[in-house]
Amino acid sequence: MQIRVAAPAKLNLYLHVVGRRDDGYHLLDSLVAFAADGDVVTASPAPTLRLTIDGPFAEGLSNGADNLVHRAASELAGVLGKKPDLALTLTKNLPVASGIGGGSADAAAALRALCELWSIRPDDERVERVAASLGADVPVCLRGEAAYLVGIGHETEPAPALPEAGLLLVNPRIPLPTPPVFRARTGPFSEAARLARGPRDASELGVMLAARGNDLAQAAISIVPAISDILTALGGTDGVRLARMSGSGATCFALYDDRAGAARAADSLRAKNPAWWSLPSRLATRLPPPVRSE
């Protein structure tokens, strides 16, 4: 038996840095949503715990105990009093260190796969406790629903329903770890900027988001200038409603009315910038269920 679970890309539709604690951690106000596409995690019973990594961005990734997928399986098994007798496979379709929550989404997908395998609800308090121990973004990825991130990113609050919309994700194939971006951020803090209501369609979502921003964008561009080129290119595509960097970068996204519009924009960008990674997708309103096969 094998369980297959999607690990979709996480997007910060806006990200405001609203303060900083005495210990140096920054306080955030961010609207998080998910694409319909991303990595994939599969799990099946096996004599011992092992992790295999494949896919276009597998190179250089550890499959040992330091990998978040491996840790998720080991720690959840420990909390539940089970042996982690599992064969896990991570198909890495998303760039690494790219501001779209890849590692966190992978860990959350591993937890959901094991919940399906062991007949446990993902909202079980023990599962949520393990998710929180793995990283700030893992709990929101476990739920897979649009939410506001608050505090230092560990806490979430409900967000209004988001409309259907096309997405285009673009990355310059340059890893960008998060800590240097926060260190490079300068200037005053922003105010929190929650949406007053749920947008009706992609056009209105674009207008609402345009009144907000990503406070890490300029810092990220100072480290990886290609981000600015990507934002300019995305902003020039037909039908674009908004172009913005996600998280701490370097991945950027653009909003369109539908997936077909995103696909056309992807074709246009690939012809002009073949070295960039791109992925046409759509906003996902809910996580797809695990797929079980014998």
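None of R129, R185 is under 23 Å from A73 (Cα atoms), among the basic types (K, R), modelled with pLDDT of 95 or more and surrounded by 13 or more Cβ atoms within 10 Å (Cβ to Cβ) except R129.
The set of residues from the range 210-265 being within 20 Å of the chain's Cα centre (by Cα) and among the β-branched types (V, I, T) comprises I221, V224, I227, I230, T251. Checked against the criteria, L142 counts as in contact with a helix residue (DSSP H, G or I) (Cβ under 8 Å, 6 or more places away or on another chain), surrounded by 24 or more Cβ atoms within 10 Å (Cβ to Cβ), touching a residue at least 24 places away in the same chain (Cβ under 8 Å) and not basic (K, R). In summary, helices (runs of 4 or more DSSP H) completely within the range 89-159 and bearing 3 or more residues that are of a type outside the set (A, V, I, L, M, F, W, C), over 30 Å from A275 (Cβ atoms) and in the same structural domain as R21 (by TED's automatic domain parsing) occur at 125-134.
When P84 is tested against (1) touching a helix residue (DSSP H, G or I) at 6+ places or on another chain (Cβ under 9 Å); (2) modelled with pLDDT of 95 or more, only condition (2) is not met. Among the residues making up the range 181-215, a single one is in contact with a Ser or Thr (Cβ under 8 Å, 6 or more places away or on another chain) and polar (S, T, N, Q): N214.
Across the range 188-203, which residue is farthest from the chain's Cα centre (by Cα) among those that are without any contact (Cβ under 8 Å) to a residue 40 or more places away in the chain and surrounded by fewer than 15 Cβ atoms within 10 Å (Cβ to Cβ)? Going through the qualifying residues, I end up with P188. Taking the criterion of being within 15 Å of G103 (Cα to Cα) and in a loop (DSSP other than H, G, I, E, B), no residue of the range 35-54 qualifies. Within the range 55-71, does at least one residue satisfy the condition of being assigned to a strand (DSSP E or B) and either outside the structural domain of R143 (by TED's automatic domain parsing) or modelled with pLDDT of 95 or more (or both)? Checking the range 55-71: not a single residue is assigned to a strand (DSSP E or B) and either outside the structural domain of R143 (by TED's automatic domain parsing) or modelled with pLDDT of 95 or more (or both).
Yes or no, residue by residue, for (1) among the aliphatic types (A, V, I, L, M); (2) under 18 Å from E116 (Cβ atoms):
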residue: A46; (1), (2): yes, yes
residue: T52; (1), (2): no, no
residue: P56; (1), (2): no, no
residue: G60; (1), (2): no, no
residue: A65; (1), (2): yes, no
residue: S74; (1), (2): no, yes
residue: L80; (1), (2): yes, yes
residue: N93; (1), (2): no, no
residue: V96; (1), (2): yes, no
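Every residue, every condition in (1) in a loop (DSSP other than H, G, I, E, B); (2) surrounded by fewer than 20 Cβ atoms within 10 Å (Cβ to Cβ); (3) at pLDDT 95 or above, yes or no:
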position: L205; (1), (2), (3): no, no, yes
position: A220; (1), (2), (3): no, no, yes
position: G239; (1), (2), (3): yes, yes, yes
position: A243; (1), (2), (3): no, no, yes
position: A250; (1), (2), (3): yes, no, yes
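For the range 3-34, enumerate the residues that are in a strand (DSSP E or B) and over 28 Å from P288 (Cβ atoms). Hits for the range 3-34 are H16, V17, V18, G19, R20, H26, L27, D29. Would you say A77 is in a strand (DSSP E or B) and more than 21 Å from the chain's Cα centre (by Cα)? No.
The values are calculated or read from the model by the stated rules, or taken from the named source; none is laboratory data. Owing to the predicted nature of the structure, the values given are computational and were not obtained by experimental measurement. Virtual Cβ from ideal backbone geometry, glycine too; neighbours counted across all protein chains shown.
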